[in-house]
Amino acid sequence: MEGSKGEEAQKQQEFVLASISELASSSSSSSLTPAVARFSSEDGVGEQQEAESDARVNVDLQTAQLFKLGPVQSVCISEGSDTGTEKLFSRGVTIHFKNEEESGAFHNAFDQWKKDFIVQGEKLPNGEISSSKSKFDDKIEPSSAKMYFHYYGQLLHQQNMLQDYVRTGTYYAAVIENRVDFTGRVVVDVGAGSGILSLFAAQAGAKHVYAVEASEMAEYARKLIAGNPSLGQRITVIKGKVEEVELPEKADILISEPMGTLLINERMLETYVIARDRFLQPNGKIIDYFCRIHMAPFSDEYLFVEIANKALFWQQQNYYGVDLQPLYASAFQGYFSQPVVDAFDPRLLVAPSMSHVIDFTKINEEDLYEFDIPLRFVAAVGTRVHGLACWFDVLFDGSTVQRWLTTAPGAPTTHWYQLRCVLSQPIYVMAGQEITGRLHMIAHNAQSYTIYLTLAAKMWGPGAEQGGIIQESSCKLDLKEPYYRMSQPQAYTITQDQQPHQQIQAQDIPIHSQDFEDSEFIPQPSPSSGVKMTLADFARSTGSLKDTL
(Lines give C-alpha, C1' and ligand atoms only; values in the text may rest on other atoms or scores of the structure.)
Protein backbone atom coordinates (compact mmCIF):
# COMPACT_ATOMS: atom_id res chain seq x y z
CA MET A 1 0.00 0.00 0.00
CA GLU A 2 1.03 3.59 -0.41
CA GLY A 3 3.04 5.31 2.28
CA SER A 4 1.61 8.07 4.42
CA LYS A 5 1.71 11.70 3.33
CA GLY A 6 4.43 12.40 5.85
CA GLU A 7 6.63 9.74 4.23
CA GLU A 8 6.02 11.08 0.75
CA ALA A 9 6.68 14.68 1.72
CA GLN A 10 9.93 14.07 3.53
CA LYS A 11 12.14 11.04 3.98
CA GLN A 12 14.40 12.73 6.52
CA GLN A 13 14.65 15.94 8.53
CA GLU A 14 17.67 17.20 10.50
CA PHE A 15 18.21 19.80 13.22
CA VAL A 16 21.56 21.07 14.50
CA LEU A 17 21.40 21.24 18.29
CA ALA A 18 23.57 23.30 20.61
CA SER A 19 24.09 20.21 22.73
CA ILE A 20 22.56 17.10 24.25
CA SER A 21 23.21 15.50 27.63
CA GLU A 22 21.98 12.50 29.56
CA LEU A 23 19.28 13.43 32.05
CA ALA A 24 20.41 13.08 35.70
CA SER A 25 23.66 11.42 34.70
CA SER A 26 26.86 11.97 36.65
CA SER A 27 29.14 10.36 34.09
CA SER A 28 31.52 12.29 31.89
CA SER A 29 29.30 11.59 28.93
CA SER A 30 26.81 14.02 30.38
CA SER A 31 28.91 17.05 29.44
CA LEU A 32 27.34 19.41 26.95
CA THR A 33 28.14 18.17 23.46
CA PRO A 34 27.02 19.63 20.09
CA ALA A 35 24.71 17.23 18.28
CA VAL A 36 22.45 16.61 15.30
CA ALA A 37 18.82 15.47 15.66
CA ARG A 38 17.52 13.47 12.72
CA PHE A 39 13.95 12.29 12.00
CA SER A 40 13.76 9.41 9.53
CA SER A 41 10.76 7.86 7.79
CA GLU A 42 12.48 4.53 7.32
CA ASP A 43 11.55 3.22 10.74
CA GLY A 44 9.74 6.07 12.47
CA VAL A 45 12.70 6.77 14.76
CA GLY A 46 14.13 10.05 15.93
CA GLU A 47 17.92 9.94 16.18
CA GLN A 48 20.21 12.24 18.16
CA GLN A 49 23.93 11.99 17.39
CA GLU A 50 26.85 13.86 18.87
CA ALA A 51 28.49 15.91 16.14
CA GLU A 52 32.05 14.68 16.75
CA SER A 53 31.23 11.16 17.91
CA ASP A 54 29.65 7.99 16.67
CA ALA A 55 27.52 7.76 19.84
CA ARG A 56 23.84 7.74 19.00
CA VAL A 57 20.60 7.88 20.93
CA ASN A 58 17.64 6.39 19.05
CA VAL A 59 14.28 7.62 20.27
CA ASP A 60 11.14 5.63 19.47
CA LEU A 61 8.46 8.13 18.50
CA GLN A 62 5.85 5.58 19.56
CA THR A 63 6.64 6.16 23.25
CA ALA A 64 8.68 9.39 23.26
CA GLN A 65 7.48 12.59 24.91
CA LEU A 66 9.06 16.02 24.56
CA PHE A 67 8.80 18.64 27.31
CA LYS A 68 9.92 22.28 27.33
CA LEU A 69 12.05 23.23 30.31
CA GLY A 70 12.77 26.77 29.10
CA PRO A 71 13.01 28.93 25.98
CA VAL A 72 16.05 27.02 24.64
CA GLN A 73 16.00 23.83 26.71
CA SER A 74 13.83 20.71 26.47
CA VAL A 75 13.86 17.15 27.71
CA CYS A 76 12.95 14.06 25.70
CA ILE A 77 11.73 10.98 27.63
CA SER A 78 11.38 7.66 25.84
CA GLU A 79 10.58 4.17 27.05
CA GLY A 80 12.69 1.41 25.63
CA SER A 81 15.40 3.69 24.24
CA ASP A 82 18.17 1.98 22.33
CA THR A 83 21.81 3.14 22.50
CA GLY A 84 23.04 0.53 20.07
CA THR A 85 24.94 -1.39 22.74
CA GLU A 86 22.30 -1.73 25.45
CA LYS A 87 18.56 -1.38 25.90
CA LEU A 88 17.02 0.65 28.69
CA PHE A 89 13.43 0.64 29.85
CA SER A 90 13.36 4.43 29.84
CA ARG A 91 15.80 7.21 29.09
CA GLY A 92 15.89 10.97 29.33
CA VAL A 93 17.93 13.35 27.20
CA THR A 94 18.25 17.08 27.81
CA ILE A 95 18.34 19.08 24.57
CA HIS A 96 19.79 22.60 24.28
CA PHE A 97 18.95 24.79 21.28
CA LYS A 98 20.86 27.74 19.86
CA ASN A 99 17.86 30.01 20.07
CA GLU A 100 14.13 30.08 20.82
CA GLU A 101 13.19 29.95 17.12
CA GLU A 102 15.05 26.64 16.60
CA SER A 103 13.45 25.27 19.76
CA GLY A 104 9.97 26.05 18.38
CA ALA A 105 10.78 24.53 14.98
CA PHE A 106 12.08 21.33 16.62
CA HIS A 107 8.97 20.95 18.78
CA ASN A 108 6.70 21.47 15.75
CA ALA A 109 8.65 18.89 13.75
CA PHE A 110 8.57 16.41 16.64
CA ASP A 111 4.79 16.75 16.97
CA GLN A 112 4.26 16.40 13.21
CA TRP A 113 6.44 13.30 12.88
CA LYS A 114 4.79 11.73 15.90
CA LYS A 115 1.38 12.44 14.38
CA ASP A 116 2.35 11.00 10.99
CA PHE A 117 3.70 7.78 12.44
CA ILE A 118 1.61 7.26 15.54
CA VAL A 119 -1.76 8.99 15.33
CA GLN A 120 -2.51 8.28 11.69
CA GLY A 121 -0.78 4.91 11.90
CA GLU A 122 1.80 3.34 9.68
CA LYS A 123 0.48 1.91 6.43
CA LEU A 124 0.87 -1.82 6.83
CA PRO A 125 0.30 -4.35 4.05
CA ASN A 126 -2.97 -5.40 5.73
CA GLY A 127 -4.32 -1.89 6.14
CA GLU A 128 -4.01 1.11 8.41
CA ILE A 129 -3.75 0.54 12.14
CA SER A 130 -2.55 2.58 15.07
CA SER A 131 0.99 1.77 16.16
CA SER A 132 0.52 2.88 19.74
CA LYS A 133 -3.00 1.75 20.55
CA SER A 134 -5.40 -0.40 18.58
CA LYS A 135 -9.03 0.41 17.92
CA PHE A 136 -9.94 -2.40 20.27
CA ASP A 137 -8.06 -0.75 23.13
CA ASP A 138 -9.71 2.59 22.40
CA LYS A 139 -13.21 1.12 22.55
CA ILE A 140 -12.98 -1.51 25.26
CA GLU A 141 -12.39 -1.18 28.98
CA PRO A 142 -9.17 -3.06 29.92
CA SER A 143 -10.83 -5.03 32.73
CA SER A 144 -13.56 -6.23 30.35
CA ALA A 145 -11.01 -7.26 27.72
CA LYS A 146 -8.98 -9.14 30.33
CA MET A 147 -12.01 -11.12 31.49
CA TYR A 148 -13.13 -11.74 27.92
CA PHE A 149 -9.82 -13.20 26.75
CA HIS A 150 -9.45 -15.17 29.99
CA TYR A 151 -12.89 -16.72 29.45
CA TYR A 152 -12.21 -17.77 25.88
CA GLY A 153 -8.72 -18.94 26.77
CA GLN A 154 -10.16 -21.88 28.73
CA LEU A 155 -10.86 -25.26 27.17
CA LEU A 156 -14.06 -25.82 29.13
CA HIS A 157 -15.71 -22.86 27.41
CA GLN A 158 -14.46 -23.98 24.01
CA GLN A 159 -15.92 -27.39 24.76
CA ASN A 160 -19.28 -25.79 25.51
CA MET A 161 -19.30 -24.27 22.02
CA LEU A 162 -17.94 -27.38 20.29
CA GLN A 163 -20.66 -29.47 21.93
CA ASP A 164 -23.31 -27.19 20.44
CA TYR A 165 -23.82 -29.57 17.55
CA VAL A 166 -26.29 -27.27 15.80
CA ARG A 167 -23.59 -24.59 15.68
CA THR A 168 -20.60 -26.80 14.91
CA GLY A 169 -22.46 -29.10 12.52
CA THR A 170 -23.87 -26.19 10.52
CA TYR A 171 -20.40 -24.65 10.15
CA TYR A 172 -18.94 -27.99 9.11
CA ALA A 173 -21.64 -28.56 6.50
CA ALA A 174 -21.39 -24.99 5.20
CA VAL A 175 -17.64 -25.43 4.64
CA ILE A 176 -17.45 -29.01 3.38
CA GLU A 177 -20.48 -28.70 1.09
CA ASN A 178 -18.89 -25.64 -0.53
CA ARG A 179 -15.41 -26.96 -1.27
CA VAL A 180 -15.34 -24.91 -4.45
CA ASP A 181 -15.11 -21.77 -2.30
CA PHE A 182 -12.15 -23.08 -0.28
CA THR A 183 -10.06 -25.27 -2.60
CA GLY A 184 -6.78 -23.54 -3.42
CA ARG A 185 -7.81 -20.39 -1.54
CA VAL A 186 -6.19 -18.40 1.27
CA VAL A 187 -8.50 -18.32 4.30
CA VAL A 188 -8.44 -16.17 7.43
CA ASP A 189 -10.22 -17.53 10.50
CA VAL A 190 -11.14 -14.51 12.64
CA GLY A 191 -11.14 -15.26 16.37
CA ALA A 192 -10.13 -18.86 15.72
CA GLY A 193 -10.52 -20.16 19.29
CA SER A 194 -9.65 -23.85 19.30
CA GLY A 195 -8.94 -23.70 15.55
CA ILE A 196 -11.84 -25.97 14.61
CA LEU A 197 -13.03 -23.78 11.72
CA SER A 198 -9.46 -23.56 10.40
CA LEU A 199 -9.31 -27.35 10.38
CA PHE A 200 -12.65 -27.48 8.54
CA ALA A 201 -11.29 -25.05 5.92
CA ALA A 202 -8.17 -27.20 5.50
CA GLN A 203 -10.38 -30.27 5.07
CA ALA A 204 -12.21 -28.39 2.31
CA GLY A 205 -8.92 -27.92 0.43
CA ALA A 206 -7.77 -24.44 1.47
CA LYS A 207 -4.33 -23.52 0.17
CA HIS A 208 -3.45 -21.92 3.51
CA VAL A 209 -5.37 -20.83 6.61
CA TYR A 210 -4.33 -18.07 8.97
CA ALA A 211 -5.98 -18.64 12.35
CA VAL A 212 -5.97 -15.34 14.28
CA GLU A 213 -6.67 -15.67 18.01
CA ALA A 214 -5.92 -13.12 20.75
CA SER A 215 -6.49 -15.25 23.86
CA GLU A 216 -4.30 -17.98 25.35
CA MET A 217 -6.44 -20.44 23.40
CA ALA A 218 -4.01 -19.78 20.53
CA GLU A 219 -1.54 -22.14 22.25
CA TYR A 220 -4.16 -24.88 22.49
CA ALA A 221 -5.05 -24.29 18.84
CA ARG A 222 -1.40 -24.80 17.86
CA LYS A 223 -1.38 -28.03 19.84
CA LEU A 224 -4.59 -29.30 18.24
CA ILE A 225 -3.45 -28.37 14.75
CA ALA A 226 -0.03 -29.96 15.27
CA GLY A 227 -1.85 -33.13 16.27
CA ASN A 228 -3.52 -33.19 12.85
CA PRO A 229 -0.40 -32.86 10.65
CA SER A 230 -2.07 -33.65 7.34
CA LEU A 231 -4.18 -30.52 7.83
CA GLY A 232 -1.93 -28.54 10.13
CA GLN A 233 0.82 -28.07 7.57
CA ARG A 234 -1.51 -25.63 5.80
CA ILE A 235 -2.56 -23.72 8.93
CA THR A 236 -0.67 -20.93 10.69
CA VAL A 237 -1.85 -19.79 14.11
CA ILE A 238 -1.20 -16.10 14.78
CA LYS A 239 -1.64 -14.92 18.36
CA GLY A 240 -2.85 -11.34 18.57
CA LYS A 241 -5.79 -9.02 18.03
CA VAL A 242 -7.21 -8.66 14.54
CA GLU A 243 -6.78 -4.91 14.93
CA GLU A 244 -3.03 -5.30 15.45
CA VAL A 245 -1.60 -8.37 13.72
CA GLU A 246 -0.06 -8.34 10.26
CA LEU A 247 -0.53 -11.18 7.80
CA PRO A 248 1.86 -12.00 4.94
CA GLU A 249 -0.88 -12.09 2.30
CA LYS A 250 -4.48 -11.13 1.63
CA ALA A 251 -7.32 -13.60 2.08
CA ASP A 252 -9.65 -14.95 -0.58
CA ILE A 253 -12.23 -15.92 2.02
CA LEU A 254 -13.05 -15.02 5.64
CA ILE A 255 -14.63 -17.36 8.13
CA SER A 256 -15.54 -16.72 11.74
CA GLU A 257 -18.06 -17.36 14.49
CA PRO A 258 -18.43 -13.82 15.87
CA MET A 259 -21.97 -14.13 17.22
CA GLY A 260 -22.83 -13.51 20.85
CA THR A 261 -26.08 -13.43 22.76
CA LEU A 262 -28.64 -11.54 20.65
CA LEU A 263 -25.99 -11.73 17.91
CA ILE A 264 -24.28 -8.49 18.98
CA ASN A 265 -23.13 -9.16 22.56
CA GLU A 266 -19.31 -9.11 23.07
CA ARG A 267 -18.99 -6.70 20.10
CA MET A 268 -17.00 -9.14 17.99
CA LEU A 269 -19.01 -8.23 14.92
CA GLU A 270 -16.96 -5.03 14.80
CA THR A 271 -13.76 -7.06 14.81
CA TYR A 272 -15.11 -9.12 11.91
CA VAL A 273 -15.73 -5.95 9.90
CA ILE A 274 -12.20 -4.72 10.69
CA ALA A 275 -10.83 -8.09 9.51
CA ARG A 276 -12.79 -7.69 6.28
CA ASP A 277 -11.30 -4.25 5.67
CA ARG A 278 -7.74 -5.29 6.57
CA PHE A 279 -7.36 -8.82 5.28
CA LEU A 280 -9.86 -9.58 2.52
CA GLN A 281 -9.12 -9.27 -1.18
CA PRO A 282 -11.33 -6.73 -3.02
CA ASN A 283 -13.32 -9.57 -4.57
CA GLY A 284 -13.01 -11.86 -1.57
CA LYS A 285 -15.85 -13.80 0.02
CA ILE A 286 -17.34 -13.79 3.52
CA ILE A 287 -18.95 -17.19 3.96
CA ASP A 288 -21.32 -16.15 6.80
CA TYR A 289 -22.08 -12.65 5.63
CA PHE A 290 -25.81 -12.19 6.23
CA CYS A 291 -27.48 -12.05 9.68
CA ARG A 292 -30.93 -11.18 10.95
CA ILE A 293 -32.16 -10.22 14.42
CA HIS A 294 -35.80 -11.29 14.84
CA MET A 295 -38.19 -9.66 17.31
CA ALA A 296 -41.76 -10.38 18.43
CA PRO A 297 -43.90 -9.50 21.46
CA PHE A 298 -44.62 -12.35 23.88
CA SER A 299 -46.89 -13.24 26.77
CA ASP A 300 -45.48 -15.36 29.60
CA GLU A 301 -47.12 -15.18 33.02
CA TYR A 302 -44.74 -17.78 34.45
CA LEU A 303 -41.68 -15.70 33.62
CA PHE A 304 -43.20 -12.40 34.72
CA VAL A 305 -44.20 -13.82 38.09
CA GLU A 306 -40.81 -15.50 38.55
CA ILE A 307 -38.94 -12.23 38.05
CA ALA A 308 -41.35 -10.16 40.13
CA ASN A 309 -41.26 -12.65 43.00
CA LYS A 310 -37.49 -12.29 43.28
CA ALA A 311 -37.89 -8.78 44.65
CA LEU A 312 -40.33 -9.89 47.38
CA PHE A 313 -37.36 -10.63 49.61
CA TRP A 314 -36.99 -6.86 49.99
CA GLN A 315 -40.57 -6.49 51.23
CA GLN A 316 -39.60 -7.85 54.63
CA GLN A 317 -40.18 -5.39 57.45
CA ASN A 318 -38.32 -7.33 60.13
CA TYR A 319 -35.24 -8.98 58.69
CA TYR A 320 -33.18 -9.55 61.85
CA GLY A 321 -34.69 -6.32 63.11
CA VAL A 322 -34.09 -4.43 59.86
CA ASP A 323 -36.78 -3.08 57.52
CA LEU A 324 -35.67 -3.94 53.96
CA GLN A 325 -38.55 -2.16 52.22
CA PRO A 326 -36.57 1.00 51.33
CA LEU A 327 -34.65 -1.10 48.78
CA TYR A 328 -37.67 -2.87 47.29
CA ALA A 329 -38.20 -0.43 44.41
CA SER A 330 -34.54 -0.58 43.40
CA ALA A 331 -34.47 -4.37 43.62
CA PHE A 332 -37.66 -4.64 41.60
CA GLN A 333 -36.30 -2.49 38.79
CA GLY A 334 -32.94 -4.27 39.00
CA TYR A 335 -34.44 -7.69 38.31
CA PHE A 336 -36.38 -6.32 35.34
CA SER A 337 -33.20 -4.73 33.95
CA GLN A 338 -31.77 -8.17 33.19
CA PRO A 339 -32.51 -9.66 29.76
CA VAL A 340 -33.63 -13.26 30.12
CA VAL A 341 -31.61 -15.89 28.24
CA ASP A 342 -33.49 -19.16 27.87
CA ALA A 343 -35.34 -21.40 25.44
CA PHE A 344 -39.06 -20.64 25.29
CA ASP A 345 -42.11 -22.13 23.64
CA PRO A 346 -42.91 -20.33 20.35
CA ARG A 347 -46.60 -20.48 21.27
CA LEU A 348 -45.87 -17.64 23.69
CA LEU A 349 -45.45 -15.21 20.79
CA VAL A 350 -48.29 -12.74 20.44
CA ALA A 351 -47.63 -11.62 16.86
CA PRO A 352 -45.58 -12.60 13.81
CA SER A 353 -41.96 -11.48 14.09
CA MET A 354 -40.13 -8.71 12.27
CA SER A 355 -36.38 -8.61 11.56
CA HIS A 356 -33.38 -6.31 11.31
CA VAL A 357 -30.70 -7.23 8.75
CA ILE A 358 -26.90 -7.00 9.11
CA ASP A 359 -24.94 -7.50 5.89
CA PHE A 360 -21.21 -7.93 6.53
CA THR A 361 -20.34 -7.11 2.93
CA LYS A 362 -21.77 -3.60 3.28
CA ILE A 363 -21.91 -2.55 6.92
CA ASN A 364 -19.33 -0.20 8.44
CA GLU A 365 -17.80 -0.72 11.86
CA GLU A 366 -19.42 2.47 13.16
CA ASP A 367 -22.87 1.19 12.13
CA LEU A 368 -22.53 -1.45 14.85
CA TYR A 369 -22.11 1.10 17.64
CA GLU A 370 -25.85 1.77 17.79
CA PHE A 371 -29.06 0.15 16.58
CA ASP A 372 -32.32 2.06 16.54
CA ILE A 373 -35.10 -0.24 15.35
CA PRO A 374 -38.73 0.91 15.06
CA LEU A 375 -41.18 -1.82 16.04
CA ARG A 376 -44.62 -2.55 14.62
CA PHE A 377 -46.71 -5.68 15.16
CA VAL A 378 -50.34 -6.70 14.86
CA ALA A 379 -51.50 -8.86 17.77
CA ALA A 380 -52.92 -12.22 16.72
CA VAL A 381 -54.52 -12.84 20.12
CA GLY A 382 -55.99 -10.88 22.97
CA THR A 383 -53.64 -11.13 25.92
CA ARG A 384 -51.24 -9.33 28.20
CA VAL A 385 -47.89 -8.53 26.53
CA HIS A 386 -44.94 -9.00 28.88
CA GLY A 387 -42.12 -7.86 26.61
CA LEU A 388 -40.11 -8.46 23.47
CA ALA A 389 -38.56 -11.80 22.45
CA CYS A 390 -35.45 -11.80 20.24
CA TRP A 391 -33.38 -14.37 18.38
CA PHE A 392 -31.13 -14.40 15.32
CA ASP A 393 -30.14 -16.43 12.30
CA VAL A 394 -27.12 -16.45 9.98
CA LEU A 395 -26.89 -17.31 6.28
CA PHE A 396 -23.90 -19.27 4.98
CA ASP A 397 -23.81 -18.18 1.37
CA GLY A 398 -21.81 -20.93 -0.32
CA SER A 399 -21.45 -21.13 -4.08
CA THR A 400 -22.84 -24.68 -4.05
CA VAL A 401 -25.12 -24.87 -1.02
CA GLN A 402 -26.72 -22.20 1.17
CA ARG A 403 -27.35 -23.04 4.80
CA TRP A 404 -29.06 -21.22 7.66
CA LEU A 405 -28.01 -21.35 11.30
CA THR A 406 -31.02 -20.34 13.39
CA THR A 407 -31.56 -19.77 17.11
CA ALA A 408 -35.33 -19.43 16.73
CA PRO A 409 -37.74 -20.70 19.40
CA GLY A 410 -39.01 -24.12 18.43
CA ALA A 411 -35.83 -24.93 16.48
CA PRO A 412 -33.15 -27.19 18.00
CA THR A 413 -31.70 -25.32 20.97
CA THR A 414 -28.22 -23.77 20.66
CA HIS A 415 -25.86 -22.40 23.31
CA TRP A 416 -27.15 -18.93 22.35
CA TYR A 417 -30.74 -19.84 23.33
CA GLN A 418 -33.12 -16.89 22.84
CA LEU A 419 -33.35 -13.56 24.64
CA ARG A 420 -36.34 -11.81 26.15
CA CYS A 421 -36.69 -8.25 27.43
CA VAL A 422 -39.39 -8.27 30.11
CA LEU A 423 -41.46 -5.19 30.94
CA SER A 424 -42.15 -4.44 34.59
CA GLN A 425 -45.55 -3.07 33.49
CA PRO A 426 -47.24 -5.37 30.94
CA ILE A 427 -49.62 -3.93 28.37
CA TYR A 428 -52.99 -5.31 27.27
CA VAL A 429 -53.85 -5.95 23.64
CA MET A 430 -56.84 -7.24 21.69
CA ALA A 431 -56.65 -9.50 18.65
CA GLY A 432 -55.91 -7.35 15.62
CA GLN A 433 -54.60 -4.45 17.69
CA GLU A 434 -51.42 -2.70 16.59
CA ILE A 435 -48.38 -2.80 18.88
CA THR A 436 -45.69 -0.21 18.19
CA GLY A 437 -42.45 0.72 19.86
CA ARG A 438 -38.72 1.07 19.61
CA LEU A 439 -35.70 -1.12 20.32
CA HIS A 440 -32.67 1.10 20.85
CA MET A 441 -29.31 -0.58 21.58
CA ILE A 442 -26.16 1.44 22.30
CA ALA A 443 -22.71 -0.13 22.58
CA HIS A 444 -20.67 0.44 25.72
CA ASN A 445 -17.02 -0.21 26.64
CA ALA A 446 -17.73 -3.42 28.55
CA GLN A 447 -18.11 -5.18 25.19
CA SER A 448 -21.88 -5.15 25.21
CA TYR A 449 -24.94 -2.95 24.79
CA THR A 450 -27.43 -0.96 26.81
CA ILE A 451 -30.95 -1.81 25.62
CA TYR A 452 -33.85 0.65 25.69
CA LEU A 453 -37.20 -0.91 24.87
CA THR A 454 -40.59 0.77 24.51
CA LEU A 455 -43.83 -1.00 23.58
CA ALA A 456 -47.20 0.70 23.18
CA ALA A 457 -50.71 -0.37 22.20
CA LYS A 458 -52.62 1.96 19.91
CA MET A 459 -56.33 2.59 20.19
CA TRP A 460 -58.60 -0.06 18.72
CA GLY A 461 -62.32 -0.13 18.00
CA PRO A 462 -64.68 2.88 18.29
CA GLY A 463 -62.72 6.11 18.18
CA ALA A 464 -59.64 4.48 16.67
CA GLU A 465 -59.65 6.99 13.83
CA GLN A 466 -58.68 9.62 16.41
CA GLY A 467 -55.36 7.81 16.99
CA GLY A 468 -53.40 8.19 20.18
CA ILE A 469 -51.71 5.84 22.61
CA ILE A 470 -53.67 4.22 25.40
CA GLN A 471 -50.82 2.21 26.97
CA GLU A 472 -47.04 2.46 26.95
CA SER A 473 -44.35 0.61 28.87
CA SER A 474 -40.57 1.02 28.77
CA CYS A 475 -37.51 -0.61 30.26
CA LYS A 476 -33.73 -0.25 30.29
CA LEU A 477 -31.59 -3.38 30.27
CA ASP A 478 -27.89 -4.26 30.21
CA LEU A 479 -27.07 -7.01 27.72
CA LYS A 480 -23.83 -7.59 29.63
CA GLU A 481 -25.75 -8.77 32.73
CA PRO A 482 -28.44 -11.25 31.61
CA TYR A 483 -30.46 -13.65 33.70
CA TYR A 484 -29.35 -17.07 32.43
CA ARG A 485 -32.55 -18.99 32.92
CA MET A 486 -31.83 -21.39 30.06
CA SER A 487 -34.62 -23.84 30.81
CA GLN A 488 -36.09 -25.99 28.09
CA PRO A 489 -39.50 -24.86 26.80
CA GLN A 490 -42.24 -25.76 29.25
CA ALA A 491 -45.56 -27.35 28.35
CA TYR A 492 -48.40 -24.84 28.47
CA THR A 493 -51.63 -26.79 28.95
CA ILE A 494 -55.16 -25.53 28.42
CA THR A 495 -57.22 -25.44 31.63
CA GLN A 496 -60.98 -25.63 31.77
CA ASP A 497 -61.52 -21.90 32.09
CA GLN A 498 -59.25 -20.99 29.17
CA GLN A 499 -60.39 -20.77 25.58
CA PRO A 500 -58.00 -21.25 22.65
CA HIS A 501 -57.24 -18.21 20.50
CA GLN A 502 -56.84 -17.96 16.76
CA GLN A 503 -53.73 -19.30 15.10
CA ILE A 504 -50.55 -17.32 14.46
CA GLN A 505 -49.59 -18.29 10.93
CA ALA A 506 -48.51 -21.95 11.06
CA GLN A 507 -48.47 -22.21 14.84
CA ASP A 508 -51.28 -24.59 15.78
CA ILE A 509 -51.34 -24.09 19.56
CA PRO A 510 -52.34 -20.58 20.68
CA ILE A 511 -51.34 -18.36 23.58
CA HIS A 512 -53.80 -17.93 26.44
CA SER A 513 -54.52 -14.80 28.45
CA GLN A 514 -55.50 -14.63 32.11
CA ASP A 515 -57.37 -11.98 34.00
CA PHE A 516 -54.93 -9.61 35.72
CA GLU A 517 -57.09 -8.85 38.77
CA ASP A 518 -58.42 -12.30 39.63
CA SER A 519 -55.53 -14.62 38.81
CA GLU A 520 -52.95 -15.64 41.38
CA PHE A 521 -49.24 -15.62 41.09
CA ILE A 522 -48.14 -18.97 39.67
CA PRO A 523 -45.77 -20.66 42.12
CA GLN A 524 -42.21 -21.20 41.03
CA PRO A 525 -41.37 -24.79 39.97
CA SER A 526 -39.56 -25.57 43.23
CA PRO A 527 -41.72 -26.69 46.17
CA SER A 528 -39.76 -24.25 48.34
CA SER A 529 -40.54 -21.29 46.17
CA GLY A 530 -40.99 -18.97 49.15
CA VAL A 531 -43.34 -16.00 49.52
CA LYS A 532 -46.23 -15.63 47.08
CA MET A 533 -48.71 -12.83 46.55
CA THR A 534 -51.83 -12.32 44.46
CA LEU A 535 -51.71 -10.42 41.20
CA ALA A 536 -54.12 -7.91 42.67
CA ASP A 537 -51.68 -7.26 45.53
CA PHE A 538 -48.83 -7.07 43.08
CA ALA A 539 -50.74 -4.64 40.81
CA ARG A 540 -51.35 -2.38 43.79
CA SER A 541 -47.70 -2.52 44.88
CA THR A 542 -46.35 -1.83 41.40
CA GLY A 543 -48.92 0.90 40.92
CA SER A 544 -47.78 2.65 44.05
CA LEU A 545 -44.20 2.00 42.98
CA LYS A 546 -44.81 3.65 39.64
CA ASP A 547 -46.25 6.70 41.40
CA THR A 548 -43.08 7.14 43.43
CA LEU A 549 -40.63 6.77 40.54
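At R0 = 25 Å, how high is the FRET efficiency between N445 and S330 if r is their beta carbon distance? Nearest 0.05 is fine. Kindly include the intermediate steps, with their values, before the conclusion.
Values: r = 24 Å, r/R0 = 0.97.
That pair, N445 with S330, gives E of 0.55.
Sort region 392-451 into rounded, prolate or oblate with this rule: let a ≥ b ≥ c be the square roots of the eigenvalues of the Cα gyration tensor; rounded if a/c is under 1.5, and if a/c is not under 1.5, prolate when a/b is larger than b/c, oblate otherwise. It is oblate, given that a/c is not under 1.5 and a/b is not larger than b/c. With all protein chains present, calculate the accessible area of C475 using a 1.4 Å probe and round the result to the nearest 10 Å². Approximately 20 Å² of C475 is accessible to the 1.4 Å probe. Taking every lysine pair in region 123-248 that is 8 or more places apart or spans two chains, those with Cα atoms closer than 30 Å amount to 25. For region 394-430, backbone nitrogen atoms closer than 14 Å to the point 7 Å from Y484 Cα along Cα-to-C-beta are found at 415-418.
Placing +1 on each Lys and Arg Cβ and -1 on each Asp and Glu Cβ, with no other charges, gives region 264-315 a dipole about its Cα centre of roughly 340 debye. Of the whole protein surface, Y484 contributes about 120 Å² of accessible area at a 1.4 Å probe radius.
Let a ≥ b ≥ c be the square roots of the eigenvalues of the Cα gyration tensor of region 325-378; is it rounded (a/c under 1.5), or, if not, prolate (a/b larger than b/c) or oblate? Display every interim value, and only then the final one.
Details: a/c = 2.64, a/b = 1.49, b/c = 1.77.
Oblate.
Computing FRET efficiency as 1/(1 + (r/R0)^6) for V16 and Q65, where r is the C-beta to C-beta distance and R0 is 25 Å, gives about 0.65.
Ordered by solvent-accessible area of protein heavy atoms (1.4 Å probe), largest first, the residues S353, S230, S19 come out as S230, S353, S19.
If DNA, RNA and ligands are ignored and the probe is 1.4 Å, what is the ranking of V16, V429 by accessible area, most exposed first? Numbers along the way, then the final one.
Details: V16 85, V429 5 Å².
Listed by decreasing accessible area, they come as V16, V429.
Report the calculated FRET efficiency for N318 and I470 (r = Cβ-Cβ distance, R0 = 51 Å), to the nearest 0.05. Intermediate values should be presented prior to the final figure.
Values: r = 41 Å, r/R0 = 0.80.
Once rounded, the FRET efficiency stands at 0.80.
Label region 146-203 by shape, choosing from rounded, prolate and oblate, from the square roots a ≥ b ≥ c of the eigenvalues of the Cα gyration tensor; if a/c is under 1.5 it is rounded, and otherwise prolate applies when a/b is larger than b/c, oblate when it is not. Cα axes put region 146-203 in the oblate bin. Protein-only accessible surface at a 1.4 angstrom probe places the residues R292, R485, R403 in the order R403, R292, R485, largest first. Residues whose amide H comes within less than 5 Å of that of L375, counting only those at least five positions distant or on another chain, are G437, R438, L439 (H built at 1.01 Å from N in the peptide plane).
The values are calculated or read from the model by the stated rules, or taken from the named source; none is laboratory data. Predicted model only: the values in this text are computed from it and were never measured. Quick reminder, even Gly has a Cβ in these numbers, built from the backbone with ideal geometry, and neighbours come from all protein chains shown. SASA here: full protein model, heavy atoms, side chains in, ligands and nucleic acids out. Shrake-Rupley method; radii C 1.70, N 1.55, O 1.52, S 1.80 Å.
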